[in-house]
There are 2 protein chains.
Amino acid sequence: MITDQDALRSFAALAQETRLALYRRLVEAGPAGLSAGALAEALDVPAPTLSFHLAQLRGAGLITQQRSSRSLIYAVDVARMNDVIAFLSDRCCGGQPELCLPTPKSAPHARPRRKAV
Amino acid sequence: MITDQDALRSFAALAQETRLALYRRLVEAGPAGLSAGALAEALDVPAPTLSFHLAQLRGAGLITQQRSSRSLIYAVDVARMNDVIAFLSDRCCGGQPELCLPTPKSAPHARPRRKAV
DNA sequence: TTCATATTTCCAAATATATGGAAATATAAG
DNA sequence: CTTATATTTCCATATATTTGGAAATATGAA
């Protein structure tokens, strides 16, 4: 589960060019994550600016932080992203989800869904 | 498909309390949508403020607008939301999606996913 | 210790977003 | 044509976010 405020913070966190790029870079990196330094180099962002944006993503619960010697390693929190997606998907069409399908005829041959992120 | 800018605009659109409430109210309403007036009353928002927020959601492509006599009817664009979700889900773990699953053991009994929104 | 590296916190200036009253536009009814 | 309803656009003010240099903190190496 996820509160309205959590969802709001998550969208706010992703609603910024640098942060969205950071998040996607971390999705790409997978569970191993990347250090702040590696991210700074990858995206060419000054350290204080990077730190600010990572803090936003972390405050939204979208990424985790872990120290490894002098480096801080960031990685996506997949479960949280799935919660955010569920937040948007739930309670559709006043409890009649079938109304939410793009078009009636597309339902029969709908492609199988993959686990998000 | 969806561009980075499109995704960014979508998150920005949802990253605001009133707009998120509007969007969710429209998800609930389903394909029939709701008029600006109905939304103004439901959320108790002054007309100009409402109009501003609806324009943001529309600019992001998340909702559609259609005139019906004197009223303007707004409804969610389900296809766009699915695109936004796909944007976040794609290219995970450097091309090894299995690494992105929350935990290895949770994969076998993963629940079936429902079409988003 | 002392020094170097990695990253954060502090803070002030620049930029962007949200709010709502008053006026404008669109549509329909009498 | 006049009036009423529905909604938007205009615009000034208020509020929030982003930026990056300088200084502070944390860790490890010599």
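The values are calculated or read from the model by the stated rules, or taken from the named source; none is laboratory data. Remember, it's a predicted structure, so these values are computed and weren't measured experimentally. With ideal geometry, Cβ positions are generated from the backbone for all residues, glycine too; neighbour counts draw on all protein chains shown. Remember, those area values only see protein heavy atoms, side chains included, never the ligands or the DNA or RNA. Shrake-Rupley method; radii C 1.70, N 1.55, O 1.52, S 1.80 Å.
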I'm told A:Glu28 meets every condition in (1) open to solvent by less than 20 Å² (accessible area, probe 1.4 Å); (2) more than 11 Å from DNA strand D (Cβ to nearest atom) except one. Can you identify the failing condition by its number? (1)
Of everything in the stretch B:8-28, what is at the interface with another protein chain (Cβ under 7 Å from one of its Cβ atoms) and assigned to a helix (DSSP H, G or I)? Give them in sequence order. B:Leu8, B:Phe11, B:Ala12, B:Leu14, B:Glu17, B:Leu20, B:Val27, B:Glu28
For the stretch A:67-77, which residues satisfy the criterion of being open to solvent by 20 Å² or more (accessible area, probe 1.4 Å) and more than 10 Å from DNA strand C (Cβ to nearest atom)? A:Val76, A:Asp77
So, of the residues in the stretch A:47-66 that are more than 8 Å from DNA strand C (Cβ to nearest atom), without any contact (Cβ under 8 Å) to a residue 40 or more places away in the chain and not in a helix (DSSP H, G or I), which turns out to be most open to solvent (accessible area, probe 1.4 Å)? A:Gln66
A:Ala42 vs (1) within 14 Å of chain B (Cβ to nearest Cβ); (2) open to solvent by less than 50 Å² (accessible area, probe 1.4 Å); (3) small (Gly, Ala, Ser); (4) over 17 Å from B:Ser89 (Cβ atoms): all pass except (2)
Of (1) crowded, with 20+ Cβ neighbours inside 10 Å; (2) at pLDDT 95 or above, A:Ala36 fails just (1)
Identity of the residue in the stretch A:31-47, touching a helix residue (DSSP H, G or I) at 6+ places or on another chain (Cβ under 8 Å) and near DNA strand D (Cβ under 10 Å from one of its atoms), that ends up nearest to A:Ile73 (Cα to Cα): A:Ala47
